[in-house]
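Please read the structure below before turning to the comments.
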Amino acid sequence: MIYRFVDCRWDIFDADAGRRLYLEGHIPGAAFLDLDRDLAGAPGPHGRHPLPGAEEFAAAASRAGIGRDTFVVAYGGMGGGERLWWLLRHFGHDACAVIDFEAWHGPLRAGEEEIEPAEFVAREETGDTIDADELAAGRERLVVVDARIASRWRGEPHPLDTVPGRIPGALNAPWNEPLAELPAGDLVAYCGSGVTACVTLHRLALAGREGRLYPGSWSEWEQRPDLPVERG
């Protein structure tokens, strides 16, 4: 088994911040994957960070040195590490974990790394996501969890939300707070664009509970005038 650290730090307001931080100092031997370019597709009607295609993700993972016998240790703030963890499992690679970069007390290395490419073969799962129409039709029987901060869940103005609000009936479990106790049932997590919801899903998985991701999240839902919105 080969261990591979992968740096997934990013900043939603500064697209180049992740690579800049990586070049300033990263865990020695770590590869870098860019959240906007490697861990998401192009923004559009399906949200700010739609899922990357299988071929695109496989190419990025291969460049990062992730192959069949690689155990991936991901790190990165604001859900970057958890997004890679979720994508790896979504594409059939369960040998992965997430660590808190702030808890790393070892040495750091500046500059680029020479990463030996590997061959990542994507085997896409089909039961770990839900789309907007399925969610809209079934939301009353689902446990829908909004991982955004409480003010965004309430529908207060925020620069990232063109239309403030939430999916009707959604519970709030902010990604940057301890995970709240959630009712039993078929759980679906969403956030602003499908990134920080992966933090919630990672915490649930560590506790032995699985849930589905709504990849488009609020940045897709708010573009659909036919879908309901709740505030307050």
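Taking the criterion of being farther than 25 Å from GLY47 by Cα and without any contact (Cβ under 8 Å) to a residue 40 or more places away in the chain, the residues of region 183-212 that qualify are LEU206, ALA207, GLY208, ARG209. In the set PRO50, PRO28, PRO43, only one residue is open to solvent by 60 Å² or more (accessible area, probe 1.4 Å) and of a type outside the set (Asp, Glu); that residue is PRO43. All conditions in (1) at pLDDT 95 or above; (2) under 13 Å from the mean Cα position of the chain (by Cα) hold for ALA59, with the sole exception of (2). Taking helices (runs of 4 or more DSSP H) as the structural unit, those lying wholly within region 1-119 and holding at least 1 residues that are under 30 Å from LEU227 (Cβ atoms) correspond to 35-38, 54-63, 80-90.
The single residue among GLY169, GLY192, GLY138 that is open to solvent by less than 20 Å² (accessible area, probe 1.4 Å), of a type outside the set (Ser, Thr, Tyr) and over 20 Å from the mean Cα position of the chain (by Cα) turns out to be GLY138. Can you find a residue in region 149-166 that is closer than 23 Å to ARG89 by Cα and crowded, with 22+ Cβ neighbours inside 10 Å? No, region 149-166 contains no residue that is closer than 23 Å to ARG89 by Cα and crowded, with 22+ Cβ neighbours inside 10 Å. Before we move on, is GLY77 closer than 21 Å to ALA110 by Cα, modelled with pLDDT under 95 and not β-branched (Val, Ile, Thr)? For GLY77, the condition - closer than 21 Å to ALA110 by Cα, modelled with pLDDT under 95 and not β-branched (Val, Ile, Thr) - is met. Residues in region 195-227 that are more than 12 Å from VAL145 (Cβ to Cβ), part of a loop (DSSP other than H, G, I, E, B) and open to solvent by 50 Å² or more (accessible area, probe 1.4 Å): ALA207, GLY208, GLU210, GLN223, ARG224, PRO225, ASP226.
The values are calculated or read from the model by the stated rules, or taken from the named source; none is laboratory data. Keep in mind the model is a prediction, meaning the values are calculated, not measured. Cβ: placed from backbone, ideal geometry, glycine included. Neighbour counts: every protein chain shown. SASA here: full protein model, heavy atoms, side chains in, ligands and nucleic acids out. Shrake-Rupley method; radii C 1.70, N 1.55, O 1.52, S 1.80 Å.
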